[in-house]
Amino acid sequence: MASPTDHGGDSVETRSPELRKDPVTNRWVIFSPARAKRPTDFKSKSPENPNPKPSSCPFCIGREHECAPEIFRVPPDNDPNWKIRVIENLYPALSRNLETQSKQTGTNRSIVGFGFHDVVIEAPLHSIQLSDIDPVGIGDVMIAYRKRIEQIAKHDSINYIQVFKNHGASAGASMSHSHSQMMALPVVPPTVSSRLDGTKSYFEETGKCCLCEAKAKHFVIDESSHFVSVAPYASTYPFEVWIVPKDHSSHFHHLDDVKAVDLGGLLKLMLQKIAKQLNDPPYNYMIHTSPLKVTESQLPYTHWFLQIVPQLSGVGGFEMGSGCYINPVFPEDVAKVLREVSLA
């Protein structure tokens, strides 16, 4: 494969460092290609290990009694041949038993730790990874997220719900059985507030939603009927990928069944391409949706998306101290490399 070049024609070796600000994350990123190899040379140094079945995995079918309480399963009604189970987290970060206390007024630095922390078991068999499931099956996982969000949203004390997946030990997964998690918070996290500030500023300057505008040709990787995958203009991490709804949509839980399957197909494709190109790295994905109580005036500039981050490099002191990240590969090169990955 030829060495990727930017649209100005400069080679990777001669391209100068550049700072870009992403209006979505409201964050500056330093692109410093001199710190890295060619984009096609990026590989995970610690690929996710094969997924042998341990003798005591409580997420496997037949061991349901070993888990924390079940919330629901797919198919429903205690079907023993389940495909997906949503359960309480055995070690929750927040307590679902404190809601009555959470309505009490706290200080501006402390409130009662009420919230929900749930686990979505994505497959009954230990050997199955999310990328092994067909688009309809991955769509069912998305629909399970939606259903649980709709249930949690009935609690007036909850303000934000974060869906995330940690795949691989170095990505934070404590269980190798394929699963994802959901945390529902009584506050809007600072990163979400910063995202709202950034997208609002862009909207006020241009009259447009910056995520509706995120589909510049040289950043696009693939697209489906309802979604587009892009290497974002100011990506924080190497080989970061966003999957963005083509139609303006503020909340993930407004996703219908048809679009869920469409999303499942594109998510599967991106996970497969990342695994093949980068030596099956550990990864995280996060669904960035709007706060539950977003106002009518905020809807024009709030647009949900799914972010995939392969774990290729650690975060150092500069990033932690400044909040400004250094990315050694330009996103237009990432888009070109991933476009050209053949899964045949």
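The values are calculated or read from the model by the stated rules, or taken from the named source; none is laboratory data. The structure displayed is predicted, hence computed values, not measured ones. For neighbour counting, all protein chains shown are included, and Cβ atoms are generated from backbone atoms with ideal geometry for every residue, glycine included. Note: areas computed on protein heavy atoms with side chains; ligands, DNA, RNA excluded. Shrake-Rupley method; radii C 1.70, N 1.55, O 1.52, S 1.80 Å.
Within the range 251-271, if we keep just the residues that are in a helix (DSSP H, G or I) and charged (D, E, K, R), the residue that is farthest from Arg339 (Cα to Cα) turns out to be Asp257. Only residues that are touching a residue at least 12 places away in the same chain (Cβ under 8 Å) and part of a helix (DSSP H, G or I) were counted across the range 122-141, and they come to 9.
When the range 147-190 is filtered for residues that are buried (at least 17 other Cβ atoms within 10 Å of the Cβ) and without any contact (Cβ under 8 Å) to a residue 40 or more places away in the chain, only Ile152 remains. Would you confirm whether or not the range 291-299 contains a residue that is in contact with a helix residue (DSSP H, G or I) (Cβ under 9 Å, 6 or more places away or on another chain), closer than 22 Å to Pro189 by Cα and assigned to a helix (DSSP H, G or I)? Scanning the range 291-299, I find at least one residue that is in contact with a helix residue (DSSP H, G or I) (Cβ under 9 Å, 6 or more places away or on another chain), closer than 22 Å to Pro189 by Cα and assigned to a helix (DSSP H, G or I), so the answer is yes. Summed over the range 107-129, the residues that are exposed (fewer than 14 other Cβ atoms within 10 Å of the Cβ) and of a type outside the set (Ser, Thr, Tyr) give a count of 3. Screening the range 98-116 for residues that are at pLDDT 85 or above and of a type outside the set (Gly, Ala, Ser) and picking the one that is nearest to the chain's Cα centre (by Cα) gives Phe116.
Considering only the range 312-321, I want to know if a residue exists there that is open to solvent by less than 10 Å² (accessible area, probe 1.4 Å) and under 21 Å from Phe219 (Cβ atoms). No, the conditions are met nowhere in the range 312-321. Out of all the residues in the range 321-328, is one or more under 23 Å from Gln162 (Cβ atoms) and either aromatic (Phe, Trp, Tyr) or in contact with a Cys (Cβ under 6 Å, 6 or more places away or on another chain) (or both)? Yes, some residue in the range 321-328 is under 23 Å from Gln162 (Cβ atoms) and either aromatic (Phe, Trp, Tyr) or in contact with a Cys (Cβ under 6 Å, 6 or more places away or on another chain) (or both). Residues that are buried (at least 20 other Cβ atoms within 10 Å of the Cβ), farther than 29 Å from Val337 by Cβ and not β-branched (Val, Ile, Thr) do not occur anywhere in the range 208-217. A count restricted to the range 221-248 and to residues that are assigned to a strand (DSSP E or B) and either surrounded by 18 or more Cβ atoms within 10 Å (Cβ to Cβ) or in contact with a Cys (Cβ under 6 Å, 6 or more places away or on another chain) (or both) stands at 11. If you check Ala144 against the conditions, is it in contact (Cβ under 8 Å) with a residue 60 or more places away in the chain and under 25 Å from His254 (Cα atoms)? The answer is yes for Ala144.
Return yes when Val220 is in contact (Cβ under 8 Å) with a residue 24 or more places away in the chain and under 17 Å from the mean Cα position of the chain (by Cα) and no when it is not. Spelling it out, it is not the case that Val220 is in contact (Cβ under 8 Å) with a residue 24 or more places away in the chain and under 17 Å from the mean Cα position of the chain (by Cα).
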